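Note sheet for the following structure.
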């Protein structure tokens, strides 16, 4: 049977221009691996939105990482002040990964 290790998965829905701040916070927390995923649209507390590919005014991305609990906690702490002020959506969950040393 394949051995798995428990890690933390963090997903942050962020306005595209602010993605650099999330990436910088991740680097400061020691998170070295991440993926930025494009989004098409959605709906939430502030209403419906779509990715306006012409102006990029409402473009959002999802920052996704899998990391250790210690680094995840540091990243969440760094991003907490931005949740309300910048409308970030942050989700954190526990995942089992193969090759845990990669995370």
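Here are the numbers:
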| quantity | calculated |
| --- | --- |
| Helix axis angle, 19-28 relative to the chain longest principal axis, alpha carbon, degrees | 30 |
| Length released on extending from residue 32 to residue 9, taking residue separation times 0.36 nm less the Cα-Cα span | 6.9 nm |
| Segment residue 92-residue 45, length gained on full extension (0.36 nm per residue, minus Cα span) | 15.0 nm |
| Max mean-square fluctuation residue, GNM over the chain, Cα-Cα springs under 10 Å, options 59, 43, 93 | 43 |
| Helix 69-85 axis, angle to the chain major axis (alpha carbon atoms, nearest 10°) | 10 |
| Residues 1, 92, sorted so that the one with the fewest Cβ neighbours within 10 Å comes first | 1, 92 |
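Bear in mind these aren't lab numbers, they're just calculated from the coordinates by the rules spelled out. This one's a predicted model, so the numbers in the text were calculated from it and none came from an experiment. All Cβ positions, glycine included, derive from the backbone under ideal geometry; neighbour counts span all protein chains shown.
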